[in-house]
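Below is one structure; the comments refer to it alone.
The values are calculated or read from the model by the stated rules, or taken from the named source; none is laboratory data. These numbers come from a predicted model, not from an experiment. Heavy atoms of the whole protein, side chains included, go into the accessibility calculation; ligands, DNA and RNA do not. Shrake-Rupley method; radii C 1.70, N 1.55, O 1.52, S 1.80 Å.
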Amino acid sequence: MCVINDIKEFAVGGFKTFRKAAKGSYDGESEAVGAIRQEMFSRSSGRGNDVLNLHHDRRMVEHDARLGFNKVILINGQAGAKTAGDQCGHK
């Protein structure tokens, strides 16, 4: 029943959007775009802020890459241990 309601809401939203577009009344900005625009332009920009943001972003990317690499090592390490044990005749 939930799936049917979701499909119905999606279709109704599509028809409303099509009707607005057919009338020529376009919504210039969605809520998501407005939030991004406010986030980008509300802060005061300067070289100091840009440098701090760049360092913060770099640390976050390094952190994410390190977590992903550790997950790959763990997955491959477990698979490698199973394979090595199978080759030696151990289970």
(request) Could you tell me whether the range 55-62 includes any residue that is open to solvent by less than 100 Å² (accessible area, probe 1.4 Å) and closer than 30 Å to T17 by Cα? (result) no
(request) Among what's in the range 1-43 and is open to solvent by 90 Å² or more (accessible area, probe 1.4 Å) and part of a loop (DSSP other than H, G, I, E, B), pick the residue that is modelled with the lowest pLDDT. (result) D27
